[in-house]
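The structure appears below as structure tokens.
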Amino acid sequence: MTEQPPPQPERPPTFEERMERFGKEAGEAGERFGKKAEDAANRWSKDPGVVHVADTAGRIWGLIVLGIGLWFFADVTLGYDMPSIAWRDLWPVALIGIGLLVVARGMTRRRT
């Protein structure tokens, strides 16, 4: 009877092998996530309520950015003496306004 050599322990994977496996797993997870996100976007794009809210939100943000841009343009470029705004005091008012919009939008959705 011949003796069999003891089994060799498996060598741990190298750093490169671990990174290669991690990259493949991350790529597969990203593909799955992307397909789910695309499916959700396709469903939402067909919902008129979502489209209306997105249009409204886009218009509101556009008007806010336009207003701030015009303010700075008039102040800096045209040299108009615009009233000084303490932005550190204004941001809570902006949060209150956003909150009111969210509440109002939620109330109008329930009526329709």
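Couple of notes before you dig in:
- Kyte-Doolittle mean at least 1.0, axial Cα span of 24 Å or more - DSSP H helices of the chain: 48-72
- Dipole check for the range 48-112: with +1 at the C-beta of Lys and Arg, -1 at the C-beta of Asp and Glu, and the Cα centre as origin, the magnitude is about 560 Debye.
- Neighbour cut-off at most 16 other Cβ (10 Å), DSSP loop, chymotrypsin sites (Phe, Trp or Tyr not before Pro), the range 22-105: Y80
- Within the same chain, aspartates and glutamates fewer than 8 places from K24 are excluded, and of the rest, those with a Cα less than 16 Å from its Cα are E16.
- Sequence-distant lysines (8 or more away, or on other chains) whose Cα lies within less than 30 Å of K46: K35, K36
- Dipole magnitude of the chain, debye to nearest 20 (Cβ charges: Lys/Arg +1, Asp/Glu -1, about Cα centre): 820
- Since only V76, W61, G34 are under comparison, the one whose Cα sits farthest along the positive direction of the charge dipole of the chain, derived from C-beta charges on Lys, Arg, Asp and Glu, is W61.
- Entry for Rg and Dmax of the Cα atoms in Å (calculated from the structure that is shown) out of (i) 18.6, 54; (ii) 15.9, 54; (iii) 28.7, 103: (iii)
- Alpha-carbon Rg/Rh ratio, for the range 48-112, with Rh computed the Kirkwood way: 1.12
All of the numbers you see were taken from the coordinates with simple rules; none came from a lab. Quick caveat, the model's predicted, so the values are computed rather than measured. Ideal geometry is used to build each Cβ from the backbone, glycine not excepted, and the neighbour counts take in all protein chains shown.
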